[in-house]
Amino acid sequence: MFKMSALILSLLIASGSCWADAPSLSDETKAMLKEAKGQVEAIEPQKLKALLADEKIILLDVRDPDEWEKSTIQYDRQVKISRGFLEIKYPKLILDKYTKDDSFVVYCAMEPRSVFAAQRLQQLGFKHVSYLQGGLKNFNP
């Protein structure tokens, strides 16, 4: 049951590029998001800018390819991996270059996908994972 719920949730979140404003989430999804936020650290945009300047983290952009083309955070140590493919592609896209002991900051357009992706990475054994609070829309380079 949990796997089916997680799959459905992943598909819904992955379709986030269709959202013009804040996503309309079900009560169940809101509860799951609240739980995930309780497990994963949020990082404020200003703190992320400082970490980027010091090159101390790896960015994970979990938006979809069409969103990558529109805008992105310019940074050399970045992995682009759609939220819907995270569990399938992370060994090749992340672990070929980095380790589960590295520090990761996950971001998406507005926040929900990055929160769930960061939670999932923790479940997969990544030790230092946070998400960009408010998403890319709150990050002004």
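The values are calculated or read from the model by the stated rules, or taken from the named source; none is laboratory data. Everything numeric in this text was worked out from a predicted model, so none of it was measured. Using ideal geometry, Cβ is built from the backbone for each residue, glycine included, and neighbour counts are taken over all protein chains shown. SASA here: full protein model, heavy atoms, side chains in, ligands and nucleic acids out. Shrake-Rupley method; radii C 1.70, N 1.55, O 1.52, S 1.80 Å.
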When every residue in the stretch 98-114 that is open to solvent by 30 Å² or more (accessible area, probe 1.4 Å) and modelled with pLDDT of 95 or more is compared, the one nearest to the chain's Cα centre (by Cα) is 103
Would you mind stating whether residue 41 is under 24 Å from residue 29 (Cα atoms), of a type in the set (Asp, Glu) and open to solvent by 60 Å² or more (accessible area, probe 1.4 Å)? yes
Exactly one of 52, 124, 136 is modelled with pLDDT under 95 and surrounded by fewer than 21 Cβ atoms within 10 Å (Cβ to Cβ), and that one is 52
Apart from one, (1) in contact with a Leu (Cβ under 7 Å, 6 or more places away or on another chain); (2) of a type in the set (Lys, Arg); (3) more than 12 Å from residue 62 (Cβ to Cβ) all hold for residue 120; the odd one out is (3)
Among the residues of the stretch 50-65, the number that are over 17 Å from the mean Cα position of the chain (by Cα) and under 16 Å from residue 101 (Cβ atoms) is 1
Among helices (runs of 4 or more DSSP H) entirely within the stretch 31-101, at least 3 residues that are farther than 16 Å from residue 139 by Cβ occur in 65-70, 86-93
Those residues of the stretch 78-97 that are of a type outside the set (Phe, Trp, Tyr) and open to solvent by 70 Å² or more (accessible area, probe 1.4 Å) come to a total of 7
Checked pairs for the stretch 78-100, first under 16 Å from residue 125 (Cβ atoms), second part of a helix (DSSP H, G or I), C-beta under 7 Å and 6 or more apart or across chains, list as 86/117; 86/120; 87/120
